[in-house]
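To keep things clear, I will list the structure first and then write my remarks on it.
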Amino acid sequence: MYILNFMDNLSKSSLNFLTTSSLDRMAGIRFKKQDFEALLNSPEALFVLVKKGENLLSENNGSDPLFLKKSELKNVSVTEENCFLLGYKGKNLYFALALAEDSSFTLPVDAEFTGLRKSKLQVKNWTGSLLAYTNALITWHGNHGFCGKCGSSTKPEELGQARYCTNENCKTPHYPRTDPAIIVAVTRGNKCLMARKAEWPDGMYSLVAGYVDHGESLEDTVVREVMEETSIKVKSVHYHSSQPWPFPYTLMVGFFAEAENDEIQVDTHELEDAQWFSREEIIEGLKAGSHKLPTIFSISRKLITDWFNEGNCGELQEYIK
Ligand SMILES: [Zn+2]
């Protein structure tokens, strides 16, 4: 039997890309306001820059993020409004730094701002995970400048891990929002249920996914989403692993489930198509170039790979050009 069946969920999740499990988030110092300046000016401090949702990468191959020291941030104001503590790893303290669109920041030689999805970034590396975390946090700050309760402005607190309402009569604290979504590999014998949206590249199929509603367990969402999108009823649901997905701040929760029926009826409001694929059909499609897998750094790819590898066709990676 495939070895992943024997791994615990902590181990499985740690294999997903974009997770920052090895980062010390330093929660103990978030309320020590006087430390902020000292931390910023520490020789260990490195800044992860984001401008208009894009990350600072080396221009040469676009695969290495550039983290800058404070001395390299010429003409940039670094304040509690735009700079947020990420955590500590190795010998470095990492801060997220949001640059204004009209910032006069001078790009280092051989550097450019690039979107995470477009980049050739080696997301398998820990540094890719740090960019994902940074992007989610900065996007959340940018989207939550006003209190959802009273409409007054909010300001960053707790070294950037919260925003407090500035209205003295409200003072509601707001914490970084994460939206849970399920993603599920539904199986039926040797086949796996896969679906695609019209805007995806031709031939690309992924798994059924969807956001959790209020009042639902994660397993309830699996059952509802699969039924809504494909009319397939699932009879068992097993948790696999989870993955932060910073577009903008989703937590993907991965499952396996077994189908009770075969006949698919596609909800064309959400999907362009859904089909059962056997391992052999996937091999054939990959060889012909007619079947494409979801991106290597997604939990979707991980679930499909784990399902495939448990069959009798070898490892999925062998068939990828
Ligand atoms: Zn308020």
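Quick note: the coordinates plus some simple rules give every number you see, no bench work behind them. This one's a predicted model, so the numbers in the text were calculated from it and none came from an experiment. FYI the Cβ positions are ideal-geometry reconstructions off the backbone, even for glycines, and counts take in every protein chain you see.
Observations, loosely collected:
- Restricting the trypsin sites (Lys or Arg not before Pro) of the range 79-160 to loop positions (DSSP other than H, G, I, E, B) with no more than 16 neighbouring Cβ atoms within 10 Å leaves Lys91, Arg117, Lys118, Lys120, Lys124, Lys149.
- Cβ-based charge dipole, the chain, positive-most Cα from Trp126, Thr187, Asn9: Trp126
- More than 22 Å apart - percent of Cα-Cα pairs taken over the range 16-141: 31
- Rounded tilt (10° steps) of 218-230 against the dominant C-alpha axis of the chain: 60
- With a Förster radius of 30 Å applied to the beta-carbon distance between Glu281 and Phe247, the computed FRET efficiency rounds to 0.55.
- Dipole magnitude (debye, nearest 20) for the chain, charges at Cβ of Lys, Arg, Asp, Glu: 1020
- The range 185-243 - percent relative contact order, Cα under 8 Å, separation 6 or more: 21
- Candidates per GluC sites (Glu not before Pro) in the range 180-244, loop by DSSP, up to 11 other Cβ within 10 Å: Glu199
- Debye log10 I(q)/I(0) at q = 0.13 Å⁻¹ for the range 268-321, Cα point scatterers: -0.33
- With Cα atoms, 0 to 90° folded angle of helix 126-143 axis to the chain main axis: 70
- One Cα centroid belongs to the range 4-42, the other to the range 172-206; the line between them spans 25 Å.
- Dipole in debye (nearest 20) - the range 68-171, about Cα centre, beta carbon charges: Lys, Arg +1; Asp, Glu -1: 440
- Degrees between helix 279-288 axis and first principal axis of the chain (Cα, 0 to 90, nearest 10): 70
- Estimated purely from DSSP H runs of n ≥ 4, each contributing -39500 (n - 2.57), the mean residue ellipticity at 222 nm for the chain is -6000 deg cm²/dmol once divided by its residues.
- Remark: the Cα gyration tensor places the range 96-223 in the oblate category, a/c being 1.5 or greater and a/b not exceeding b/c.
- The mean sequence distance of close C-alpha pairs (under 8 Å, at least 6 residues apart), as a share of the length of the chain, puts its relative contact order at 17 percent.
- Fewest-first ordering of Thr139, Thr295 by other beta carbons within 10 Å of each residue's beta carbon gives Thr295, Thr139.
- Cα extents for the chain along the principal axes, largest to smallest and rounded to whole angstrom: 61, 50, 37.
- Measuring nothing but how far apart in sequence close Cα pairs (under 8 Å, 6+ apart) lie, relative to its length, the range 17-143 scores a relative contact order of 36 percent.
- Seen from Gly148, the other residues with C-beta closer than 14 Å to its C-beta sum to a net charge of +4, counting Lys and Arg as +1 and Asp and Glu as -1.
- Order of Cys192, Cys170 - criterion: other Cβ atoms within 10 Å of each residue's Cβ, fewest first: Cys170, Cys192
- Couplings 3J(HN,Hα) of the range 315-320, computed from phi: 9, 4, 4, 4, 9, 9 Hz, in residue order, whole Hz [Karplus 6.51 cos²θ - 1.76 cosθ + 1.60, θ = phi - 60°; x for Gly and Pro].
- Cα shape, the range 178-319, gyration tensor, a/c 1.5 rule: rounded
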